[in-house]
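Heads up: the structure comes next, in structure tokens.
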Amino acid sequence: MVRYWLLIGMFITLGFPWMVYGQSDPTAEDIIDKMLAEGQLGVQSGESRLRMVIRNKDGKVRERQILSKSDKKDGLRRNRIEFLEPADVKGSTLLLLEQRGERDLQYLYLPALKKTRRITGNAKNGSFMGSDFTYADMENRDAKVGTKVRKADETVSGQDCYRIETTGADADSEYSRVDLWIHRTLYLPIKIEFYDLKGGLVKVLATNKIETKDNKKIITEMTLKNVQTGSQTTLYVDSIQFGTTFPDSIFDKETLAR
Amino acid sequence: MKLFERPTSSGRIGFAAGSNRVCGWVQIARWVAVCISATCIVGWVGSIILGQSVPLIRNAFADVDPDTLLIVDDANNSISGPAPFVGSFWFRGKLTSEFAVDTEFAGEPESVFRSNQRLWLSAEAELAEDLKAQVSGRLSWQTWISQETNARYTLYPELRDSWLSWSGVPWLPISVGYQTWSFGASDFFAPTDQINPRDYRDGIGASLETTKVPVLGVNVDFLPLAPTFRLSVAWIPFFEPDRVFLFGDDFGLFGPGTSPPPSAAFSGMSELSQRLSPVLVEALQPIFLGTDKSDESPGASTVGVKMSSTLGDVDISLHYLFGWDRTPVFRVDPALTTLFAVMSPGATLTPEVIGLFTDIQSGKLNPFGLFSSSYERLHLVGADVTFPIWEFGLRLEAAYQPSKVLYTREFTSISRPTLVGIMGIDYSWGTTFMASVELSYRRIFDFPAKTSIYLGEIDELRLAGLFTLRLFDFDALEIQLGAMAGLLRLEVVLLPQVAYRFTDAHRIALGARIFDGLNNTLAALYDDNDELFVAYEWSF
């Protein structure tokens, strides 16, 4: 099935993934392929600063600030996500390395322990720094796996969208089905619904704001709402720089401490 | 009250004070009140200076309906992007306050209350795209109060991780300065992780953040020599020993609460700490810790090499360390044994002892020459593997030392080949529950028959774990149990803790440190040091 985590992951890890793509009445496979390809065309690397605002069901808020650096090497995505605020998590750094045919490698450096830990197994379903995102949500997986079915087009938030239903997730996935509403001309995800293994709606990811940067349309604000717990996490792109090149050392687990 | 400057065992400049006054529970309560008040005042003033109100839970923002809110802005470049390079500067700090009360009053000189106040400050700057710097330090104020008479404190500044990192050659990043290295995959036993010295003065229940001491060195990473292969080299020019208390503290090797003394020869050590003024004990300690260090020449430096690779889903590392065994080799003159034996309860002055004292008084015998110690070279090879298996993360590590310094129960030093194997398993259920368990097996080879190891056995099988349960929104409540158990010889260390994080910045914890074990085990050494503690942490 479509690795819908990519949609979240690419936003957090850079925030640049999708731009205008013109096509008439494509298939579900085409739509997904094009949407994913946008992240691979033109924007190979970049740096962004994000704000993550987490709100619980009672309305209490926590805020995190993130510096994200991302590029591609040999066609595989590399991301380094460093927490800048608040002070108690400052310096915590997540490294994601896409693997061909394998799940992403994830390493988390914790400055308090001066140690880099590999995130494996069930730990990937843990909350990403207290947000509604999980570490698994950060992954950029193979978009060709699973079953994609195109449903009747719909209008969401006043935008004409393709609707794609995806099923057949991996055995280790926490979702059984994901529905996507993708902008018909921008090929940007406007809304995504995530269903748990029992078929119940668990999360809704909605695009709140799309802006133009260097003639590219990018999502600059999105909200992931957990409808079961009532909490939600909103991500804001405060700044973004395309085309930045990084040395390999940025994406090496041995150098996360320095 | 006396106040004097002294070099501590770590080489830091510290200040110690002692006073003789009646000290009971009222006195302890006073100290607790003073410490808590001081901490609150510092925290309050600091929060005002830094412009933060202490209760940082903020009101909710307006509800966002994901289905209806969508703004499409067609104006180009409406997002501010950073310049090609914008230098950045970060400052952060942390104040930790801990107050601990001993629950077992094994002896009058034993500390029944101790407090630990630490201020961590760190500044980090990106000076250029390929140049980064960090300076960090720590100020510690520690207080001990014994049940009988004495209150002591130390105040010392300490340089922590402070380095300059340069990646001008993209495949050869270099960092220079006070650094912390991490070798091996083990979290609890860490047999391969021996580049940095440890600070054992807070006892074996101290946090990992406190225990590892940064040292001056150079780190070079060669990456990648092959697509997934990297080589890291650490060079530490100067030797830095572990930091321990011999006596004068409950967690010292010969502290008033430790039991039993390792041998008759040194039974007087703990007597010594009970009979002398704490100020004098503080002053004496560096003499006994004055282990001969290696000279500070390049030939005496430490080199660590780590080769690591990722093959599919498996992380593999190989390590080699050429450094110094931080367990000193002791050489004890029989005369010193005789002198110490006099301090044991019920001992009498024999003509032999009187003769020794006469020789010392006349200058024929140098008392400081009766005891000497030195460090030996260390060779260590290690390997570790990390990979996922089903829902678990598995960590395997092995370390071999051809010559490791150990102590016999007669307190003589002996060096023997030692092999340690670790198997660790990690499991998480979201962030609600996390468990990390390690099984450690240590084997000492060629150990002399009918000889016993001090605080250990030839074969050791130990289990350690950390279990964390997080509840409420933002994982505010954290219930944690750290544990270590000897499986071949009964010994148990339990470190339960309940913590509540009011905000991202403020956290309070209540916990205990519990030690129990058979004779000649590490846990038994601190059997009388069970304590309850309350800790507060403010991050800014």
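Counting 0.36 nm for each residue step from residue B:487 to residue B:127 and taking away their Cα separation leaves a gain of 124.4 nm. Applying 1/(1 + (r/R0)^6) with R0 = 45 Å to the Cβ-Cβ distance of residue B:368 and residue B:433 gives a FRET efficiency near 0.25. Applying the criteria of a DSSP loop state and at most 16 other Cβ atoms within 10 Å to the trypsin sites (Lys or Arg not before Pro) of the range A:177-228 yields A:198. By a 1.4 Å probe calculation restricted to protein chains, residue B:169 has an accessible surface near 40 Å², given to the nearest 10.
Treating the range B:139-215 as a set of equal point scatterers at the Cα positions, no solvent, please give the Debye-formula log₁₀ I(q)/I(0) at q = 0.21 Å⁻¹. Ignoring solvent entirely, the Cα scatterers give -1.06. The solvent-accessible area of residue A:197, taken with every protein chain present and a 1.4 Å probe, is close to 120 Å².
Sparse packing (at most 16 other Cβ atoms within 10 Å of the Cβ) combined with a DSSP loop state is found for none of the trypsin sites (Lys or Arg not before Pro) in the range B:375-406. Cα-based radius of gyration for the range B:455-504, normalised by 2.2 N^0.38 Å, reads 1.59. Taking all protein chains together and rolling a 1.4 Å probe, residue B:182 ends up with roughly 30 Å² accessible.
Total Å² of accessible surface buried at the A-B contact, 1.4 Å probe, nearest 100?
Values: alone 11490 and 27630 Å², together 32490 Å².
Answer for the A-B pair: about 6600 Å² buried.
The trypsin sites (Lys or Arg not before Pro) of the range B:414-455 meeting both criteria, a DSSP state outside H, G, I, E and B (loop) and at most 14 other C-beta atoms within 10 angstrom of the site's C-beta, are B:450. Have a look at the range A:180-213 and report residues whose accessible surface goes down by 10 Å² or more when the remaining protein chains are included, against the chain on its own, probe 1.4 Å, ligands and DNA/RNA excluded. Residues passing the criterion (a loss of at least 10 Å², heavy atoms only) are A:191, A:204, A:206, A:207, A:208, A:209, A:210, A:211, A:212, A:213. Net charge in the neighbourhood of residue B:397 (other residues with Cβ under 15 Å of its Cβ; Lys, Arg +1, Asp, Glu -1) is +2.
Estimated from the Cβ-Cβ distance and a Förster radius of 22 angstrom, the FRET efficiency linking residue A:102 and residue B:385 is about 0.85. Summarising the label geometry, the points placed 7 Å from Cα in the beta-carbon direction at residue A:67 and residue B:229 lie 3.3 nm from one another. For the range B:504-523, the residues whose backbone nitrogen is under 19 Å from a point 7 Å from the Cα of residue B:103, taken along Cα to Cβ, are B:509-518, B:523.
Across the range A:176-258, Cα-Cα pairs more than 20 Å apart make up 54 percent of the total. Computed from the C-beta positions of residue B:207 and residue B:354, the FRET efficiency with R₀ = 56 Å rounds to 0.70.
Which percent of the Cα-Cα distances in the range B:443-540 go past 18 Å? Display every interim value, and only then the final one.
Numbers: 2779 of 4753 pairs.
Counting every Cα pair in the range B:443-540, those more than 18 Å apart make up 58 percent.
Across q = 0.10, 0.15, 0.20 Å⁻¹, the range B:294-449 modelled as identical point scatterers on its alpha-carbon atoms has Debye log10 I(q)/I(0) values of -0.63, -0.96, -1.23, in the order of the q list.
Start at zero, step by 10 Å, and the Cα-Cα distances of the range B:416-494 spread as 16, 36, 25, 14, 7, 2 percent across the bins.
Using Cα pairs closer than 8 Å and at least 6 residues apart in sequence, work out the relative contact order for the range B:450-540, in percent.
Numbers: 193 pairs, mean separation 20.4, N = 91.
Rounded, it is 22 percent for the range B:450-540.
The values are calculated or read from the model by the stated rules, or taken from the named source; none is laboratory data. Because the structure is a prediction, the values reported are computed rather than measured. Please note: Cβ atoms are built from the backbone with ideal geometry, for glycine as well, and neighbour counts cover all protein chains shown. Keep in mind that these areas ignore ligands, DNA and RNA; they rest on the heavy atoms of the full protein, side chains included. Shrake-Rupley method; radii C 1.70, N 1.55, O 1.52, S 1.80 Å.
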